[in-house]
Amino acid sequence: MDLYDQIARNRRRSAALLVAFALLVALVVAAVGSLFRAGPVIVPVAVVLAVAAAWTSWWSSDRIALAASRARPADGPEFKRYHNLVEGLCIAAGLPKPRLYVVDDPAPNAFATGRNPRHAALAVTTGLLEKLNRVELEGVLAHELSHIRNHDILVSTIAVTAVGIVVLVADLALRAAWWGGMRRGRRNAGPLGLLTGAAALVLLLLAPLAARLMQFAVSRRREYLADASAVGLTRYPPGLISALEKLRDDRTVVAGASRATEQLWIESPLDRDGGSEPRRSRTWLNRAFDTHPPLEDRIAALREM
């Protein structure tokens with residue numbers, strides 16, 4: 001499959017994930033209504049909330065991701081190299097220049113977000129700017145711009161919003177049920193009502209896991225594709241290889257990152273196995289829930305190019 005076929009497939013997955021996100025939110029809201037016996041009125045409420053959540057993901061996902069990561073505009077002469085590198089790569093890629101941001105954090109990392117190449121943003125940590133030389137930084141920026149060009153960013157950011165909304169609603173509903181709301185709503189409900197309430201409770205318990213699985217719908221292959229596309233832009237594989245090696249060896253974590261935004265970054269910004277255990281020594285179950293392929297595998301793939 002060539003690059004353009006992959007981009008087209010990413011666009012179709014973006015649309016499918018948006019629909020799945022809206023359906024999941026509707027199911028969660030309907031489950032809350034069933035659990036507390038809100039009646040038929042919960043159906044239009046669920047539809048309205050699902051549409052509103054999907055629209056928010058489409059229109060404001062970049063602002064949500066940037067705010068969650070505590071990113072600020074990269075203004076000032078100290079970011080001149082950052083701007084110059086992005087401008088040169090955008091010319092090579094045929095992309096409009098995204099809005100540039102910086103996250104005040106010593107951990108080297110970066111991410112891109114937005115709904116399309118015309119409405120995109122790119123953020124890097126101060127640690128990335130300080131610890132990487134010019135060719136390494138160019139490789140990382142080319143990787144993130146490749147996510148923008150390949151239309152990966154919308155899917156990634158929608159997943160961030162989906163996880164946040166579903167987990168919040170499910171958590172609030174379960175807390176209310178625990179403190180007696182379900183017992184008051186289910187009094188004299190009968191066997192069918194009790195069965196419906198139990199089903200709604202199970203759905204709310206599983207909803208956060210479903211949201212996480214939606215997050216993992218962003219295939220790890222997109223990281224390999226972005227690495228390959230980045231090398232196509234820079235024409236210098238050693239630059240990105242050296243950058244990934246520095247990310248692999250650096251054990252600092254991004255303070256403003258969370259599980260919800262983990263997949264946006266070029267490499268997981270969270271604590272990797274307590275800072276001591278190698279990824280390859282982890283169990284297959286733990287690796288199955290990683291949002292990124294191992295850096296060693298990505299480095300090996302680049303060395304074969």
Handout entry: Residues of region 127-141 with amide N under 15 Å of the 7 Å Cα→Cβ point at Tyr236
Key = 132-141
Problem - R0 of 30 Å, Cβ-Cβ distance Asn133-Arg72: FRET efficiency to nearest 0.05 - result: 0.80
Handout entry: Using a Förster distance of 51 Å, the FRET efficiency for Lys97-Asp171 (Cβ separation, nearest 0.05)
Key = 0.85
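Please give the contour-minus-distance gain from Leu209 to Asn84: 0.36 nm per residue of separation, less the Cα-Cα distance, rounded to one decimal in nm. Working shown, then result.
On the way: separation 125, 0.36 × 125 = 45.00 nm, distance 4.16 nm.
Gain on extension, Leu209 to Asn84, equals 40.8 nm.
Let me check I've understood the local charge: for Ala121, count other residues with C-beta under 11 angstrom from its C-beta, Lys and Arg +1, Asp and Glu -1. What total comes out?
Numbers: positive: Arg63, Lys97, Arg99, Arg115; negative: Asp62, Glu144.
Neighbourhood net charge equals +2.
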Problem - Extension reserve of the Arg259-Leu23 stretch, reckoned as 0.36 nm per residue once the Cα distance is removed - result: 82.8 nm
Fill in the blank from the handout: Checking rank on 134-145, 111-122, 73-84, 230-241, with mean other Cβ inside 10 Å and highest first, the result is 134-145, 111-122, 230-241, 73-84
Practice task
Just tell me which lysines come within less than 20 Å, Cα to Cα, of Lys80; anything on the same chain fewer than 8 places away is out.
Solution key: Lys97, Lys131
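FYI, it's all coordinate maths here, none of it is from the lab. Only a predicted model underlies this, so the values are computations on that prediction, with no experimental measurement involved. Note that each Cβ is placed from the backbone with ideal geometry, even for glycine, and that neighbours are counted across all protein chains shown.
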